[in-house]
1. Can you sort Ile30, Ile208 from fewest to most other Cβ atoms within 10 Å of each residue's own Cβ?
2. Quick one: Glu94, Glu240, fewest Cβ neighbours within 10 Å first, how do they rank?
3. With n ≥ 4 as the cut-off for DSSP H runs, can you work out [θ] at 222 nm for the chain, using -39500 (n - 2.57) per run divided by the number of residues, rounded to the nearest 500?
4. Going Cα to Cα from Lys26, which lysines come in below 20 Å? Please leave out same-chain ones fewer than 8 positions away.
5. Around Glu336, what is the net charge, scoring Lys/Arg as +1 and Asp/Glu as -1 over all other residues with Cβ under 11 Å from its Cβ?
6. How long are the three semi-axes of the equivalent ellipsoid for the stretch 106-225, computed from the Cα gyration tensor as the root of 5 times each eigenvalue, in whole Å, largest first?
7. I'd like the distance separating the alpha-carbon centroids of the stretch 289-355 and the stretch 72-116, in whole Å.
8. Return the long-range amide H neighbours of Ala193 (sequence gap of 5 or more, or a different chain), with a cut-off of under 5 Å between placed amide H atoms.
Amino acid sequence: MLSNHFISPVLEESYSVNNQESIRIKNNYIRKKENNTQLFVLESVASKYDNNTLEQRIESTNFTSNGRPQQIRLSNGPSKAYQWNKSNEYPVVEIINANNNDTKYNYDIRSQNLNFETIAGRSRTLSFTTNYDGNIEVKLFPGTFLSSNSILYVDYVLSGAYSTNGYFCMSNSPSQYCYSGNKDANTLLIKNAPAGNYTLTIYCKTSIPNSAGMVSVTYPQGTLIENALKEFYYQGFEEEEQYRNVNAIFGKGCLSGDYLIPFTAPNAKAYIVDYRYLENGKWLYMKRSFQNNMLLTDGEAIDEVRVYPAGSQMNTYTYTSQVGMTSKTDPKGLTEFYEYDGFQRLRYVKDLDNNIIRTIDYRYKGQ
């Protein structure tokens, strides 16, 4: 983190009473690479009290491209998931007891070896796959050729998600660059190599009779332990120009006509759908069981389509850029609207019928 000038986040906090530590909090960050940009995101929080051991309290298992959390799991509570707007600036969905987790791996390091006869012109090839970003190391190991007092030269070509080429050399003479103790002469280290498919080919350039050599490659390889899973769907018709409509109940958009919900239930749970539809100039609320390939045909227009597992609690939000939240719809389908004054301060909270349910006054000292 320091090498990437990432110095502001707190890694550990400790609180003491009478010189005895009473609370310790440890924040664990992981590095993510998005579009050649390095991000450090908060993956988990652990804490302990008095002399107890550290216990994990919070874990984030999925992130947007700019590091916003999309899934948070509490050690002693329900999971909480999020969906963000297209710019990943504002959360448009917050849902309790539903998943929006990414594919999860048990991270490990694998290795493969290429054994070869030390005969000029001989080549060996191997292929490997990495499924997460990490270090790749290619190394020429000492062998029986060292006893010959000769210098062994080996070319290498690595191609795939990252490509490079060069040569290794090795001898038993400490005065030479190719001395076996000089890692620069016999080791290639690629830091944070992108995940993908790779092919490594080596070419022996030196003939040393009755001898052999070995090149090893180590690379990151994760074992799948959890598939990606999103258990909810939301469409507020707010961010696409084709949905702009002055009749929208929330925000700036709605869909005129019927709507085929592009969501398939990912498991055997019972799912609920709720939405608004426009009929005779009035927006009405509908809630019912969800079925795959569901077509909403109610009324003249559709807005605020929400699908979620039975037993979960979904809140949805709309926003105006550079102002703030303009509406919030709770798990019961009740909506509050937020209006702001000329200084972009919250002024009124209104219900669906435009009744003011809360007024915020701003008074300054001396007024």
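Where a number appears in this text, it was derived from the coordinates with a stated rule and is not lab data. What you see is a predicted model; the values in this text were computed from it and never measured. In this analysis, Cβ positions are derived from the backbone assuming ideal geometry, glycine residues included, and neighbour counts consider all displayed protein chains.
1. Ile30, Ile208
2. So the residues, fewest neighbours to most, are Glu240, Glu94.
3. 0 deg cm²/dmol
4. Within reach: Lys48.
5. 0
6. They are 28, 14, 12 Å, listed largest first.
7. 26 Å
8. For Ala193, the qualifying residues are Gly134, Asn135, Ile136.
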